[in-house]
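The values are calculated or read from the model by the stated rules, or taken from the named source; none is laboratory data. Being a predicted model, the structure only gives us computed values, none of them experimental. Virtual Cβ from ideal backbone geometry, glycine too; neighbours counted across all protein chains shown.
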There are 2 protein chains.
Amino acid sequence: MIVGIVGLGLIGGTYARNLIDNHTVYGIDINAKSLSYAEKNRIIDKGFENPKEILSKCDLVIICLYPNQILDFVTEYNAFFKTNAILTDAAGIKEKLVEEIENVLRDDLDFIFAHPVAGRETVGVKNSYKGIFKNGNYVITPTPRNKISNINLVEELALELGFKKVSKITAKEHDEIISYTSQLTHIIALALVNSDDFKYNTKLFIGDSYKDLTRIANINTKLWGELFFGNKENLVNKVDLLIDNLTKYRKSLENDDIDKLEALMEDAKEKLGRLNES
Amino acid sequence: MIVGIVGLGLIGGTYARNLIDNHTVYGIDINAKSLSYAEKNRIIDKGFENPKEILSKCDLVIICLYPNQILDFVTEYNAFFKTNAILTDAAGIKEKLVEEIENVLRDDLDFIFAHPVAGRETVGVKNSYKGIFKNGNYVITPTPRNKISNINLVEELALELGFKKVSKITAKEHDEIISYTSQLTHIIALALVNSDDFKYNTKLFIGDSYKDLTRIANINTKLWGELFFGNKENLVNKVDLLIDNLTKYRKSLENDDIDKLEALMEDAKEKLGRLNES
């Protein structure tokens, strides 16, 4: 298969590294340095700054741009994709994107929307590595417009990329559950760090729990701003739910209600146990 | 030095493993199985179910019991410690403990209160290993009653145990900063898991951020109940501060205020940067 990867950053680079051995992989990026780095290190077969030069040859186009750039890219290069090409993406929010893209997409093209639930607190192709996708979750949000054979192809591709589980769910459902597992967790990490008053030299008093909870606060603000605003109704609901639960702990402490505190902790342990069941 | 370790669980076992090569290490525990396991695996030189049989020989006694058990232990065995023995502990809260212990402690004994800021979501001597303390933070909360030479001895011991940084701070200050870096982080992990409504099969949609934030929710409820209630004024303040910051994110989303959202994210990144400075 001839694969074009649009946006050769951390995630695009990780796709490329996992596909280069079995496919022809072209990189498309406005950054010439990223392309030459990727060519030199055999992350891609060849790089192109101008999508028009290569899109017509690609059977599969993986768009690894920021969510808000995907519509613009598809709109601008709609005429240049190969006939019957399959398109896919890596965006962490889906509902609005799916609607917008399907409104403009050429009839013969099939966009299989997907979300590799994986990332790192780094950017750029140089920081990409095969293992980022290893054993992760991959979510496809099929639409009535998608061909089953193309959904199947993207599903098989996910396993080739190293993902362990592939799920299919509607875009609306995806955005609801992801607002909890991904956008909320990042808001928490940020708010925890915001809460540091530096009255003391915090780093002398941290253990692994603080490190684990704040690692992801080193955020790509542009990307995550898009993800937060692009999923804001769900995210606001999840922040409210979290505040409700934090308030329950607060009240149990204030009321010296050890039974309530223990019940809350046991509920969390039971839920965590369900999560860890194979 | 002859060292007695009271409470041979995860933390007591970790002390023992790090001290056995250079000291005589006796384990004291009500659980005979823990003692025989530790003897067989040369984690300790010898185990004792009855503290009275061995306390009088120990130059240093490291009490690794739950915070609420420490006062009872010292009260019950006050008469049995060696003359001029040094006592220390591993409790995660200090202010109340220090006051209570110093009220009852025999005049010739010197209790150097300390907190190894380290742990794992496991229990028991079998799960202990040397590396739990490796490169961690160790906090001593000296009191006017402590001899400088004994504080120095415990500080040197911390480095021998593998800790990287030793800080000295008052018990009151310790409890304030630890309510943020440790107790709050555990409340967050719990509240995040409590917020899971299992409307979807959550585990299919999680990435590393969710795993990192919830790992510590698999909590020892007895221990952490004591830590939460034993530091509840500070902890309630920190929960309130976190809710304030979460509410700022919520408002920026609701008001479509991207400038405010970005300012919050930048504030967090700046603070995280300060934390990671060497």
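With the requirement that a residue be of a type outside the set (A, V, I, L, M, F, W, C), closer than 17 Å to residue A:190 by Cα and in contact (Cβ under 8 Å) with a residue 24 or more places away in the chain, what does region B:234-256 give you? The answer is B:238, and nothing else. Restricting region A:167-199 to residues that are without any contact (Cβ under 8 Å) to a residue 40 or more places away in the chain, among the polar types (S, T, N, Q) and at the interface with another protein chain (Cβ under 7 Å from one of its Cβ atoms) leaves a set whose member that is surrounded by the most Cβ atoms within 10 Å (Cβ to Cβ) is A:185.
Scan region A:173-183 and give yes if some residue there is at pLDDT below 95 and not assigned by TED's automatic domain parsing to the domain that holds residue A:135, otherwise no. For region A:173-183, residues at pLDDT below 95 and not assigned by TED's automatic domain parsing to the domain that holds residue A:135: absent. Within region B:239-278, the set of residues being surrounded by 14 or more Cβ atoms within 10 Å (Cβ to Cβ) and polar (S, T, N, Q) comprises B:245, B:247, B:252. Residues in region A:27-53 that are buried (at least 21 other Cβ atoms within 10 Å of the Cβ) and either outside any helix (DSSP H, G or I) or within 18 Å of the chain's Cα centre (by Cα) (or both): 6 in all. With respect to the conditions (1) buried (at least 19 other Cβ atoms within 10 Å of the Cβ); (2) facing another protein chain (nearest Cβ under 7 Å); (3) of a type outside the set (Asp, Glu), residue B:236 lacks only one, and its number is (1). The criterion of being on the phi > 0 side of the Ramachandran plot, under 23 Å from the mean Cα position of the chain (by Cα) and in the same structural domain as residue A:85 (by TED's automatic domain parsing) holds for residue A:7.
Could you tell me whether any residue of region B:72-84 is within 23 Å of residue B:221 (Cβ to Cβ) and free of Cβ contacts under 8 Å to residues at least 12 places away in the same chain? Write out each step before concluding.
Going residue by residue through region B:72-84, those that are within 23 Å of residue B:221 (Cβ to Cβ) are B:72-73.
Of the ones still in play, those that are also free of Cβ contacts under 8 Å to residues at least 12 places away in the same chain are B:72.
Yes, because at least one residue in region B:72-84 is within 23 Å of residue B:221 (Cβ to Cβ) and free of Cβ contacts under 8 Å to residues at least 12 places away in the same chain.
Within region B:145-197, the set of residues being of a type in the set (Val, Ile, Thr), touching an Asp or Glu at 6+ places or on another chain (Cβ under 7 Å) and under 17 Å from residue A:247 (Cα atoms) is empty.
Only one entry of A:79, A:91, A:114 meets the criterion of being in contact with a Ser or Thr (Cβ under 9 Å, 6 or more places away or on another chain) and not β-branched (Val, Ile, Thr), and that entry is A:114. When residue B:260 is tested against (1) under 31 Å from the mean Cα position of the chain (by Cα); (2) more than 18 Å from residue A:270 (Cα to Cα); (3) more than 7 Å from chain A (Cβ to nearest Cβ); (4) basic (Lys, Arg), only condition (1) is not met. Only one entry of A:167, A:128 meets the criterion of being out of contact with any Pro (no Cβ under 9 Å at 6 or more places or on another chain), among the hydroxyl-bearing types (Ser, Thr, Tyr) and more than 20 Å from residue A:7 (Cα to Cα), and that entry is A:167. Say we look at region A:200-218 and pick out the residues that are under 15 Å from residue B:186 (Cα atoms) and more than 7 Å from every other protein chain (Cβ to nearest Cβ); which of these is surrounded by the most Cβ atoms within 10 Å (Cβ to Cβ)? Residue satisfying both the conditions and the ranking: A:208. Could you tell me whether any residue of region B:142-163 is touching a residue at least 12 places away in the same chain (Cβ under 8 Å) and at positive phi? The answer is yes; a qualifying residue exists. Please specify each residue of region A:1-26 satisfying the condition of being in contact with a strand residue (DSSP E or B) (Cβ under 6 Å, 6 or more places away or on another chain), touching a residue at least 60 places away in the same chain (Cβ under 8 Å) and crowded, with 24+ Cβ neighbours inside 10 Å. Within region A:1-26, A:6, A:8, A:12, A:15, A:16 qualify.
For region B:219-278, the tally of residues that are over 14 Å from residue A:196 (Cβ atoms), among the small types (Gly, Ala, Ser) and in a helix (DSSP H, G or I) stands at 3.
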